[in-house]
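Okay, so here's the structure we're looking at.
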Amino acid sequence: METNLYEKEESFSFWKNTILVFSFFTLTPLVLLVSLFSLFSLTKYDDGEKGNVLGINTTKPSGVKVFASLPTDLATTSGYAVASDAREEILEQYLTYYNSSLAPYVKKIIEEADKNELDFRLIVAIAQKESNLCKIIPPGTYNCWGWGIHSKGTLGFNSFEEGIETVSKGLKENYINKGYRTIEDIMSKYTPLSNGSWAEGVNQFMQEME
């Protein structure tokens, strides 16, 4: 009786192990095939674009770079004109941060810069250097740029709008058009007695508006 019971247990154990081995070798390849098929399906490019791995787009987003480092040539502004809204936001934030009287005239500054093919940051940076953005100017002159200041007196404008127009046009006609195409060039005529700190300051302020 005990022998029969032992033989039955051995027989049960044999079939149990046989079934487990059979299941392993049958199901394992099937699972591997399903996994490989799923991986292959996920890595297909439905729209033909490269860089879409496992359904995640790894390509860099397309778009236009709005601002770059200070250009060495100030006569062209095509790199900036494509994003006027961004330029307005940059100037508005900058001028508001410094509590400048020029803050309400952001659109005018950009309009005159485009009209005269200037970097839109240029007259703001000059105003920062010359008058701390209009905080230190002769009373009633609206002259934030030290424009036309000489031993006989100071040139005054009737408004900030007139000042923006006059300085922008003057930079174009009297500087850019005559070959003064970098900040250092402009400094040599704008403030010839400077030891270089004027150009250094204007460059720094322009970079702050990138």
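Worth a mention:
- Hey, Ile149 touching a residue at least 60 places away in the same chain (Cβ under 8 Å), in the same structural domain as Leu95 (by TED's automatic domain parsing), β-branched (Val, Ile, Thr) and farther than 21 Å from Thr96 by Cα or not: no
Residues are listed down the side, and each one gets a yes or a no for (1) in a loop (DSSP other than H, G, I, E, B); (2) hydroxyl-bearing (Ser, Thr, Tyr); (3) under 23 Å from Lys107 (Cβ atoms); (4) not assigned by TED's automatic domain parsing to the domain that holds Tyr94:
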site: Cys134; (1), (2), (3), (4): yes, no, yes, no
site: Ile137; (1), (2), (3), (4): yes, no, yes, no
site: Phe157; (1), (2), (3), (4): yes, no, yes, no
site: Glu161; (1), (2), (3), (4): no, no, yes, no
site: Ser168; (1), (2), (3), (4): no, yes, yes, no
site: Tyr180; (1), (2), (3), (4): yes, yes, no, no
site: Trp198; (1), (2), (3), (4): no, no, no, no
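- The stretch 155-188 - residue that is out of contact with any Lys or Arg (no Cβ under 6 Å at 6 or more places or on another chain) and of a type in the set (Asp, Glu) and, of those, surrounded by the fewest Cβ atoms within 10 Å (Cβ to Cβ): Glu173
- Residues located in the stretch 164-193, provided they are under 18 Å from Ser101 (Cβ atoms) and touching a helix residue (DSSP H, G or I) at 6+ places or on another chain (Cβ under 9 Å): Ile164, Glu165, Val167, Ser168
- Selection from the stretch 97-117 of residues that are of a type in the set (Phe, Trp, Tyr) and either buried (at least 16 other Cβ atoms within 10 Å of the Cβ) or not in a helix (DSSP H, G or I) (or both): Tyr98, Tyr105
- Look at (1) in a helix (DSSP H, G or I); (2) modelled with pLDDT under 95 and you find that Gly148 fails only one, number (1).
The values are calculated or read from the model by the stated rules, or taken from the named source; none is laboratory data. Note that the structure is a prediction, hence the values are computed from the model and not measured. Every residue, glycine as well, gets a Cβ built from its backbone with ideal geometry; the counts of neighbours run over all protein chains shown.
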